[in-house]
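Take a look at the structure set out below.
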Amino acid sequence: ARVAEEPVVDNGLLVRDHGKCLRCGQCVRACGGQGRNVFAISVLGRGVGSRVGVEYDAPLTDSACVFCGDCVDACPTGALSVRSEFDLRRAGAWDEPAQTVTATVCGHCGVGCELALHVQDNEIVKVTSPPDSPVAHGNLCIKGRFGHQYIQNRD
């Protein structure tokens, strides 16, 4: 991390906090040729002024991002996070020790990806997939990772 910056909250699913980024490139690999093959994020600039971001510093919604969240799983510092977790942490309400994790299978398509639902105060706050899953290998699509928000939508 170099300079304190406000996190970029330009969509309802993922948050980018450049101030926490070490430029390790793990998120770039997860999004690029060693992972999802989407190439939505990359290293921008050169040398000391380089940073991980979206081409032209565009919002994620204007990029090739498919909102799978693989970059979040790959990030070792929390520079990339799921919006629901970010909001709870900012409010001081994120309580990982109190969360229960329930294993289930995604019902959005016929692939059968394994899900781990992280539940806090009777609400799903995060969805992950076990890295040793023989089907998804820890990777999820937008529906698997964020489809739970429709289940809990009170509107």
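If you plug each phi of segment 108-121 into the Karplus form 6.51 cos²θ - 1.76 cosθ + 1.60 with θ = phi - 60°, what whole-Hz ³J(HN,Hα) values come out, in order, with x for Gly and Pro?
Coupling constants for segment 108-121: 7, 8, x, 5, x, 5, 7, 10, 10, 8, 8, 10, 9, 6 Hz.
Give the long-range amide H neighbours of Ala136: residues separated by 5 or more places, or on another chain, with amide H under 5 Å away, using H modelled in the peptide plane at 1.01 Å from N.
Those lying under 5 Å, H to H, from Ala136 are Glu114.
Please state the shape class of segment 1-44: rounded when a/c is under 1.5, otherwise prolate if a/b exceeds b/c and oblate if not, all from the C-alpha gyration tensor. Present the calculation step by step, with values, prior to reporting the outcome.
Numbers: a/c = 2.95, a/b = 1.42, b/c = 2.07.
Taking the square roots of the gyration eigenvalues as a ≥ b ≥ c, segment 1-44 is oblate.
Which whole-Hz ³J(HN,Hα) couplings does segment 133-142 yield from phi under the Karplus relation 6.51 cos²θ - 1.76 cosθ + 1.60, θ = phi - 60°, glycine and proline marked x?
Working through the residues one at a time gives 5, x, 9, 9, 6, x, 9, 9, 8, 4 Hz.
Suppose only helical runs count, i.e. DSSP H with n ≥ 4. What mean residue ellipticity at 222 nm does that imply for the chain under -39500 (n - 2.57) per run, divided by all residues and rounded to the nearest 500 deg cm²/dmol?
Working: 5 runs with 28 residues, N = 155.
Calculated from helices alone, the mean residue ellipticity at 222 nm is -4000 deg cm²/dmol.
Can you give me the relative contact order of segment 95-151 as a percent, contacts being Cα pairs under 8 Å and 6 or more apart?
Details: 92 pairs, mean separation 15.0, N = 57.
Across segment 95-151, relative contact order equals 26 percent.
Go through Ala116, Gly53, Gln99 and say which Cα lies farthest out towards the positive end of the charge dipole of the chain; charges sit on Cβ, +1 for Lys and Arg, -1 for Asp and Glu.
Gly53
Please work out the Cα center distance from segment 24-48 to segment 93-153, rounded to the nearest Å.
24
For the pair Thr61/Ala4, report the inter-label distance in nm, with labels modelled 7 Å from Cα in the Cβ direction.
Each label point lies 7 Å from its Cα, and together they span 2.9 nm.
Per-residue HN-Hα couplings for segment 73-88, Karplus 6.51 cos²θ - 1.76 cosθ + 1.60 at θ = phi - 60°, whole Hz, x for Gly and Pro?
Computed from phi, the couplings for segment 73-88 are 4, 7, 6, x, 10, x, 5, 10, 8, 6, 4, 4, 5, 4, 4, 5 Hz.
Compute the Cα gyration tensor for segment 14-82, then decide on rounded, prolate or oblate, letting a ≥ b ≥ c be the square roots of its eigenvalues: rounded whenever a/c is under 1.5, prolate when a/b is larger than b/c in the other cases, and oblate in all that remain.
Details: a/c = 1.30, a/b = 1.17, b/c = 1.11.
In terms of gyration-tensor shape, rounded.
Once you order the gyration tensor axes a ≥ b ≥ c over the Cα atoms, which shape class does segment 95-151 get: rounded for a/c under 1.5, otherwise prolate or oblate by comparing a/b with b/c? Write down the numbers at each step before the final one.
Numbers: a/c = 2.40, a/b = 1.47, b/c = 1.63.
Verdict is oblate for segment 95-151.
Hey, could you get me the Stokes-Einstein D for segment 44-155, Kirkwood radius over alpha-carbon pairs, 4 °C and 1.567 mPa s, rounded to whole µm² s⁻¹? Kindly include the intermediate steps, with their values, before the conclusion.
Numbers: Rh = 15.7 Å.
D, rounded to a whole number, is 83 µm²/s.
Where a number appears in this text, it was derived from the coordinates with a stated rule and is not lab data. In this text, all values refer to a predicted model and were calculated from it rather than measured experimentally. Note that we place each Cβ from the backbone using ideal geometry, even for glycine, and neighbour counts take in every protein chain shown.
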